[in-house]
Amino acid sequence: MNGLLGKKLGMSSIFDSNGIIIPVTVIQAGPCKVVRLRTAETDGYEALTIGFGERKEKNLPNPTKVYYKKNGLPAFQVVKEFKSGNPNSLKIGDDVTAELFKEGDKVKVKGKSKGKGFQGVMKRHGFGGVGGTTHGQSDRLRAPGSIGSSSYPSRVFKGQRMAGRMGHENVTVRNLKVVKVVAEKNLIFVKGAIPGAVNSIVEIIKTS
Amino acid sequence: MFSINNLLETENRTDYPDFHPGDHVKVYVKIIEGDKEREQPYEGDVISIRGSKENKTFIVRKISNGVGVERIFPFNSPKITKIELLKRGDVRRAKLFYLRKLSGKAARIKTKKS
C-alpha cells in the first residue's frame, strides 16, 4: 500500500524540534476501507482499491450498490486504486488509516486545483503584457501581443497560448515532507501547500 | 476558521503573566550556540498582540544603542522559556505603532497606577 485518500482541512503552522515555525497543511487522511483487491492472477497487476468519505446510497450506480451490499461496505464519496506489493495482506472491508505514514516521509499529493474562471494571458500563462502606456498606446497593458505572423502561415498555430478557463485541473505537488502524524484522529501534517480548496479530496502517495 | 488548536483540542500557553500592549516585559529566549544552549533576555515594550489560537503573536519593541528594534514572538514558541512582567503601561490603543515615529522622551509609555 503506497497511498491514501484524504480531505484537505486547511493550513496553519507548527513548531519543529528547533522551535522554528513551519507552514503545514492538515489532511484528514482516512479512515479508508479496502474496496477491492487487484492481484496478479486475476488482474495482471497488484493494487488495492480503497474508498473514502461518504455519500447517499441512493446516489450510487446500481452495480456499485450491489457490490457494496454484498461486501458490507458503506457508500463512499471517492474510490481510487493504489499500488500495493502485497494486496493479499488485507481483506475487503479492512481499514487503512493514517498510520501508513510516519514523520519524515516524503509524499506527493494529487488534487484538483481551485477554479479561477476565465483568465487573461498574464495570470494564466505568465505573459508580461504589452509594454508601456506612451506613444498613444492605451488599453493594451495586459494584452497578449502578437499571436503569429501574417500572410505566411495565414493562420494561428495550434496550441497558441491565449486567455481562457484557468484552474480546476489535476495538480500534483511532489516532494512534500510529512512533519506530523496524529494516528488516533487520522491526521497528516504536510509541510507546505497542496492543491485544491478546503474540503477537497486529495490523494497522498508515499514516495520514499 | 481552521485551527490546529481546535482540531487537536490543545490550548495556547498559559504559563505567562497576563500582559497587554503597553506593558514592559522581559522575554527569556533560548539560544543554541554550537552545541551549548543558553537563555538570553530581551526586554522591551509590548506594542502589539495579534491573532488567536496557534497563530497568536506579539511584538516587543526596544531601543538598542539608539536604534529601534522590534521582535515578533509566536505566542506558543518553545524558544520562550519565561516572560517577566516588569511594568504595566497606561495606553489607550491596542496597537502602539505610533511609537515608531517618536523618539526620546516622547516615546515613553506612562506607567499604570494600580
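The values are calculated or read from the model by the stated rules, or taken from the named source; none is laboratory data. Small disclaimer: the values here were computed from a predicted structure and weren't measured. Quick reminder, even Gly has a Cβ in these numbers, built from the backbone with ideal geometry, and neighbours come from all protein chains shown. Side chains are part of the model used for accessible areas, which takes the heavy atoms of the whole protein and leaves out ligands, DNA and RNA. Shrake-Rupley method; radii C 1.70, N 1.55, O 1.52, S 1.80 Å.
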Listed residues A:R165, A:R124, A:R174; which is within 30 Å of A:G6 (Cα to Cα), surrounded by 14 or more Cβ atoms within 10 Å (Cβ to Cβ) and touching a residue at least 12 places away in the same chain (Cβ under 8 Å)?
A:R124
Taking segment A:198-208 and keeping residues touching a Lys or Arg at 6+ places or on another chain (Cβ under 7 Å) and more than 12 Å from chain B (Cβ to nearest Cβ) leaves A:S200, A:I201, A:V202, A:E203, A:I205, A:T207, A:S208
Taking segment A:1-27, which residues are under 15 Å from the mean Cα position of the chain (by Cα) and within 9 Å of chain B (Cβ to nearest Cβ)?
A:L9, A:G10, A:V26
A:V78 is checked against (1) closer than 27 Å to A:A197 by Cβ; (2) open to solvent by less than 20 Å² (accessible area, probe 1.4 Å); (3) more than 14 Å from chain B (Cβ to nearest Cβ); (4) of a type in the set (A, V, I, L, M) and fails just one. What number does that condition carry?
(2)
Qualifying positions in segment A:28-49 - hydrophobic (A, V, I, L, M, F, W, C) and either over 30 Å from A:S13 (Cβ atoms) or within 14 Å of another protein chain (Cβ to nearest Cβ) (or both):
A:A29, A:V34, A:V35, A:L37, A:A40, A:A47, A:L48
Out of all the residues in segment B:19-27, is one or more over 30 Å from A:A183 (Cβ atoms), of a type in the set (F, W, Y), part of a loop (DSSP other than H, G, I, E, B) and open to solvent by less than 70 Å² (accessible area, probe 1.4 Å)?
yes
Given the residues A:G117, A:G136, which is the only one that is modelled with pLDDT of 95 or more and either open to solvent by less than 30 Å² (accessible area, probe 1.4 Å) or not charged (D, E, K, R) (or both)?
A:G117
Please report, ordered by residue number, the strands (runs of 3 or more DSSP E) entirely within segment B:32-114 with at least 3 residues that are in contact (Cβ under 8 Å) with a residue 40 or more places away in the chain and either of a type in the set (D, E, K, R) or within 14 Å of chain A (Cβ to nearest Cβ) (or both).
B:36-50, B:80-87
